[in-house]
Each structure stands twice: as C-alpha cells, then as structure tokens.
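Taken together, the values in this text are just the output of simple stated rules run on the coordinates, not laboratory data. On a predicted model such as this, the values are computed, not experimentally measured, just so you know. Cβ coordinates were reconstructed from backbone atoms using ideal geometry, including for glycine residues, and neighbour counts include every protein chain displayed.
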Amino acid sequence: MELCDLSAVEVRDLLFEKKVSAVEVLEACLARIDAVDGRPGTLDPGPETEEDTRRVHAFITRTPELARAQAEAVDKKIAAGEDPGPLAGIPFTVKDIFCVKDTPSTAASRILANFNAPYTATAVERLQAADALTLGKVNLDEFTYGSSSESSAFQPSPRNPWDTSRVPGGSSGGSAASVAAGEAFLSLGTDTAGSIRQPAAFCGVVGLKPTYGRVSRYGLIAFGSSLDCPGPLARSAKDAALMLKAMAGADPRDATAATLDVPDYLAALEKEVKGKRIGLSPDYFQITFPQANGEYSQQPVPEEMRAAVLHAVDIYRALGAEIIEDVPMPNTRYGIPVYFVISRVEAASNLHRYDGVKYGYRTQQAVGELKDLYRKSRGEGFGLQPKLRILMGMYVSAAQYSEQYYRRALRVRTLIRRDFEEAFDPQGKYRLDALLTPTTPTSAFPIKDVYGDSVLMQYADQLTVPANHAGVPGISFPAGFGADGLPIGLQLLGPDYSEATLLQLTHAYEQASAGAEWRAKRPAVLEVH
Ligand SMILES: NC(=O)C[C@H](N)C(=O)O
C-alpha cells in the first residue's frame with residue numbers, strides 16, 4: 001500500500017512518530033495526482049482525447065508550491081520539537097467554491113475565471129492553521145448547480161475513479177473523486193441539497209453535511225444562503241471527525257455560525273452503540289422520477305440499496321441498537337419541489353453581485369449605458385445553469401407569484417423540518433438518535449446520460465435535500481457495491497448538532513464490516529495506472 005492510500009489518522013500518527021515526513025506524504029499525493037488525474041479543467045479545453053476519458057480530472061488549480069512550503073514548515077516544527085497542528089502534514093483539496101487568498105477562486109464559472117480571492121474562507125483558514133497541506137482547488141458544477149459536476153465551465157469535468165465512464169456526482173465531484181483516488185486524504189466540500197453526500201456515495205467515500213451553522217460560511221461563494229453547509233469528505237468516519245473538529249465553531253465573520261462548543265468528535269467514536277435508537281422510514285424507500293411527458297413515476301428504491309440498508313440494520317442490531325420501523329416522514333416527497341423554488345430564489349439573489357464592474361468577467365464588447373455592460377457581462381459570463389436558476393428564481397419570487405410559489409414553499413419547508421422534529425423528539429413517540437436511509441436513488445450514472453435534463457438531475461438529490469431544508473446533519477458512508485460494480489452509499493440523518501453520533505454510528509459500521517470482501521476493492525483508475 002502506498003502512503004497516499006493510508007487514512008489521514010494513520011499518516012498523522014506516522015508523522016508524529018517521525019516515521020515519515022510531511023514532505024514525503026505530500027510527494028506521495030503529488031505522484032498519485034500525476035499518475036491518475038490527467039489535465040486540469042480549463043475554460044478552453046479543445047477536443048476531448050481518448051486519454052481524457054481514462055483520467056479523474058479532479059482539479060481546476062493545483063498549488064504544489066504552497067503545499068510544499070506548508071509541508072516544510074510542518075517538518076521544521078516537528079524537528080524543533082514543537083507541537084504540530086492536529087492535521088499536520090495531511091494534504092487536502094478545496095472545492096473551488098471557497099475563496100483562498102491569492103488563488104483563483106472560480107466557482108467553476110467563466111464569470112469568476114480571473115478572480116483571485118483577496119482573503120481566505122474561514123473553513124480553509126482553520127484547516128491550514130491545523131497544519132494541513134493545501135493541494136489546490138477541485139472542480140464542481142458551475143456555482144455548485146448540479147449533481148454530476150458536468151456543468152463546470154472548466155472542462156474536462158471530473159470522472160468517477162471507480163469507472164471513468166461515470167460521473168463522480170456533484171456538485172462536490174472533484175472533492176469526492178480526489179479523495180477516492182488517493183490524490184488527497186481529505187476534501188472540503190459544500191452541501192446545499194446533497195452536494196457532499198451524493199458524490200461521496202457515488203465515489204465510495206464518507207461525506208458529512210454538518211448542521212446548518214456548525215461550520216462558518218465566511219469566504220464561501222454563496223448559492224442558497226439558508227441551505228449551504230461546508231463539510232468534510234474523507235475515506236473514513238475517523239478522518240472526517242478529525243477534519244470537522246478542526247474547522248467547526250463560532251466565527252465572528254459569519255453571524256449564522258453557531259456559538260455552541262465543538263465536541264471532541266474523535267473521542268466520541270468509541271462510545272457504545274448499545275441503546276441507540278435508529279429509525280427506518282418508508283418515505284425514504286420510495287423514489288420519484290420525472291418522466292419526459294411531465295408526469296412523475298413513483299417506485300421503490302433499487303433492491304441493492306434496500307439490501308444494503310437491511311444489512312446495516314443487522315449490524316446495528318447486533319451492536320445493541322434498537323431499530324424503530326415505520327417512522328413517518330410524509331413531507332420528504334416535497335423536498336425537491338420546495339428546493340426548486342427556495343434555492344432558485346436564493347441563487348438569483350446571490351448572483352446579482354456579478355455585474356462586470358467590481359470583479360470577475362467583463363464583456364469586451366462595446367457597451368452603451370451601464371445596464372448594457374451588466375447584461376453583456378452576465379450574458380457571456382454565466383453558463384446555462386446560473387441563467388436557468390436566475391430566471392426561475394426571479395419568476396417564483398415576483399410580486400404576482402410569490403404567494404403561490406415562494407411563500408408556499410417556505411411553509412412546506414417548515415413541515416419538512418417538523419417531520420424531523422417529531423422523529424427526533426426525546427419525549428416523542430419515536431425518540432430517534434438517527435434515521436438510516438439510502439443516500440441516492442441510483443448509483444453513479446454514465447457521463448452525459450442525465451446532463452441536459454435539469455429536472456431529472458435535481459431528483460438525484462431527493463433523499464438528501466430534506467436535511468438541508470431542516471438544517472439537520474447527515475452523513476453518507478460506503479456500504480458495498482452494486483451489480484454494476486459501483487459504490488452504494490448509506491445515509492444517517494440526526495437531530496441538530498448530532499454530528500458526533502452520526503460519526504460514531506458510521507465508525508461502528510466501518511469496524512463491523514472491516515473484514516468484508518468489498519472493503520479490499522480499489523478504484524479501477526488505480527489498477528490501470
Ligand atoms: N450544492 C448542491 O447541493 C447542489 C444541488 N445538487 C443542486 O443541483 O442544486
């Protein structure tokens with residue numbers, strides 16, 4: 001096994017025992033990137049080559065010099081007998097929706113292609129302060145609008161390391177792919193409807209969407225400000241725990257960042273599962289697919305996913321958990337329709353700031369009045385997804401329609417939150433510690449298969465989006481492979497600030513399944529190169 005295939009915790013321990021240096025760890029990741037990643041995404045990629053189709057393409061911008069300087073500083077600290085930070089020497093990637101000082105911060109959009117951020121996002125700053133090594137910025141759907149990473153203005157878009165003819169999911173596709181392929185140990189992603197959990201499921205890694213406000217959004221390029229949650233992608237619950245601990249907590253620069261103490265997530269992993277109440281809901285075993293004729297079909301989740309959930313139930317039962325069946329979550333099915341309205345209104349509002357004046361793309365065409373500059377800059381700078389989302393957001397919040405759409409969606413959002421409150425109420429009928437569900441309605445789909453159908457694409461988030469509406473935390477973790485050879489992800493959802501429990505339950509599942517045959521599988525991209 002190569003250094004870059006170990007867990008972050010293992011590498012950290014080796015480093016503390018002086019068995020490896022931070023520079024060696026970094027070199028292992030850089031060599032892996034060289035071997036599997038292929039060319040980074042760019043605005044004008046030219047035609048796709050055969051070689052492109054076999055590579056991961058996780059990155060937009062690589063920052064090896066920055067990472068090397070950070071690694072050398074860590075090695076110096078250790079040599080001098082100083083205490084290095086909790087993430088010392090661990091290389092990580094950053095979804096290119098976070099600002100990093102003096103580094104292109106593009107949101108995978110032409111409109112920000114030339115934007116070098118003047119400051120660093122709090123989450124990134126804290127990871128760096130913990131002595132993690134910044135490998136660079138990874139690709140995503142434009143402004144995070146999508147579930148496959150294909151809508152990036154920077155092509156080639158990322159591919160799934162388990163099968164490069166498949167998407168890695170999205171919008172944190174580059175994050176999930178870079179972690180799955182061993183290019184990085186950790187990645188910082190964001191989740192507005194499932195954008196951490198869905199790509200984690202598609203790429204066979206752990207992805208945690210924390211409680212809204214647990215991690216500061218300062219320096220995150222905004223999409224849906226009431227929904228966006230930065231969070232970790234990692235190869236195990238332990239690594240995710242380590243990363244979350246380093247970046248969670250109050251931030252005077254983000255008024256919505258919670259002031260609650262950050263627990264020791266690592267210590268919580270070893271707690272007993274005995275007595276935990278884990279729920280199953282029929283509403284998470286039913287999925288909706290939009291049809292070409294505008295109708296919607298309801299069907300059960302694929303048998304393999306149901307079987308994976310039931311297998312996890314056996315594991316938890318054997319560990320002494322109580323399984324509570326038939327927990328009603330009746331408003332789950334409205335998650336996507338409500339999201340279509342709320343997220344578009346927030347997106348349209350947040351996108352107003354891109355005007356071609358202050359920063360970002362400015363049209364080169366001759367312009368008359370100021371409005372003309374706005375129109376042309378925005379028309380040329382935004383791709384299809386931002387344009388669609390602006391149009392819809394403006395429509396459903398317009399004075400004559402907002403009662404019918406926007407305000408109504410807000411009321412249904414409250415009902416979705418209420419489903420969770422009832423399920424988790426410690427004095428209530430169900431008293432759940434967590435709800436166990438599949439993460440996604442399907443496994444990773446072939447490249448170009450869903451892209452172009454924005455409605456179908458959005459439905460990839462149907463099992464993950466309710467947690468964003470409710471603000472509650474959710475984790476996705478790998479639970480084997482389907483007949484198509486692709487990873488299957490399971491999801492645990494919990495009450496506000498229950499990240500420690502979700503990580504603990506994921507860790508328990510990992511321990512119990514450590515000997516399973518599927519755990520030894522390696523992404524196909526590593527076998528080829
Ligand atoms: N950031 C997200 O969760 C994005 C979501 N997949 C969407 O298409 O809007």
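Peptides 265-278, 235-248, 215-228, 171-184 ranked from most to least packed give 171-184, 235-248, 215-228, 265-278, packing being the mean of other C-beta atoms within 10 angstrom over each peptide's residues. Listed peptides 151-158, 309-316 appear in the order 151-158, 309-316 once ranked by packing, highest mean of other Cβ atoms within 10 Å at the front. Here is the list for region 344-384: trypsin sites (Lys or Arg not before Pro) lying in DSSP coil, each with at most 13 other C-beta atoms within 10 angstrom of its C-beta, are R353, K358. Applying both filters, DSSP loop and at most 14 other Cβ atoms within 10 Å, to the GluC sites (Glu not before Pro) of region 362-407 gives E369. Under a straight-distance cross-link criterion of Cα-Cα below 20 Å, which lysines are reachable from K371, leaving out those fewer than 8 residues away in the same chain? Straight-distance partners of K371: K358, K387.
Entry note, the chain: relative contact order of 17 percent, from Cα contacts under 8 Å with a spacing of 6+ residues. Across region 335-406, C-alpha contacts under 8 Å between residues 6 or more apart give a mean separation that, scaled by the residue count, equals a relative contact order of 44 percent. Database remark: amide H of T63 closer than 5 angstrom to the amide H of G136, K137 (H placed geometrically; neighbours at sequence offset of 5 or more, or on other chains; Pro and chain starts carry no H).
Using helices alone, I'd like the mean residue ellipticity at 222 nm for the chain: each DSSP H run of four-plus residues gives -39500 (n - 2.57), total over residue count, nearest 500.
Mean residue ellipticity at 222 nm (helix-derived): -10500 deg cm²/dmol.
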